[in-house]
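The values are calculated or read from the model by the stated rules, or taken from the named source; none is laboratory data. Bear in mind the structure is a predicted one, so any value in this text is a computation, not a measurement. Using ideal geometry, Cβ is built from the backbone for each residue, glycine included, and neighbour counts are taken over all protein chains shown. To get the accessible areas, we keep the full protein, side chains included, count just its heavy atoms, and leave off ligands, DNA and RNA. Shrake-Rupley method; radii C 1.70, N 1.55, O 1.52, S 1.80 Å.
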Amino acid sequence: TLPGEAEAVREIDARYRDYARAVDRALADPSRGTRAEGYFRELLPRFTRLKESVARVARMNQRNMEEADRRARAMARTSALATVGLGALALALALWLAWRLPKALVRPLDRLADAARAVGDGDLDVVVPSAGVTELDPLTEAFQKMVARLKAYRQSSLGELLAAKDLANATVRCLLDP
């Protein structure tokens, strides 16, 4: 209930009971002339006061409903703006992640591809730094191990090749020397 509404309802109830008693008295009066006179003198003023009391409660409730409607509309507007704002923020975050995440993965892969090209060109001194991406670290480590093994193989093959060259040179000198 609204502030003052309970008192207004009690007033309506009291005025209605007063009006109903006055109607009963007017109907109990047998003379027609007195009835018409009693209506304008007794009933109409009571009815008018009762009607004003009812109208006052109706206005009170109407104002309350209008205020509740204004508050509900303001809350709906605020909620809609908050929803749009959060949606825009979520969209901006999704776009940023869509732009940033591939770069975070592609950069380390580009470095690894560049290193693989360098190794293919014969540069075994290439070093690939850690990708900084947990999922790519095993790949980087495996690449580094591969380069180290290739380097060791090349060095051992070079030593064997040089030894074979020296042996061939010595053999050729022995054949030429009688």
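Remarks
- Residue count for the stretch 157-178, restricted to those that are open to solvent by 100 Å² or more (accessible area, probe 1.4 Å) and either touching a residue at least 40 places away in the same chain (Cβ under 8 Å) or of a type outside the set (D, E) (or both): 7
Condition check ((1) out of contact with any Lys or Arg (no Cβ under 7 Å at 6 or more places or on another chain); (2) over 30 Å from L2 (Cβ atoms); (3) among the small types (G, A, S)) across all residues:
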| position | (1), (2), (3) |
| --- | --- |
| R71 | yes, no, no |
| M75 | yes, no, no |
| A80 | yes, no, yes |
| L97 | yes, yes, no |
| R100 | yes, yes, no |
| L105 | yes, yes, no |
| G132 | yes, yes, yes |
| E141 | yes, yes, no |
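- Answer from L89, L139 - the residue that is in a helix (DSSP H, G or I) and over 27 Å from K151 (Cα atoms): L89
- Search result, residues across the stretch 130-178 that are among the small types (G, A, S) and either under 60 Å from the mean Cα position of the chain (by Cα) or under 20 Å from R111 (Cα atoms) (or both): S130, A131, G132, A142, A148, A152
Results for (1) part of a helix (DSSP H, G or I); (2) open to solvent by 70 Å² or more (accessible area, probe 1.4 Å), shown as yes or no for each residue.
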| site | (1), (2) |
| --- | --- |
| A104 | yes, no |
| R107 | yes, yes |
| A118 | yes, no |
| A131 | no, no |
| Q144 | yes, no |
| R149 | yes, yes |
| Q155 | yes, yes |
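- Of all the listed residues (V9, V23, V84, V57), the sole one being open to solvent by 60 Å² or more (accessible area, probe 1.4 Å), over 30 Å from M146 (Cα atoms), part of a helix (DSSP H, G or I) and in contact (Cβ under 8 Å) with a residue 12 or more places away in the chain is V9.
- G122 fulfils the conditions (1) on the phi > 0 side of the Ramachandran plot; (2) at pLDDT below 80; (3) among the small types (G, A, S) except for a single criterion, (2).
- Test: residue in the stretch 30-41 that is exposed (fewer than 13 other Cβ atoms within 10 Å of the Cβ), without any contact (Cβ under 8 Å) to a residue 24 or more places away in the chain and not in a helix (DSSP H, G or I): yes
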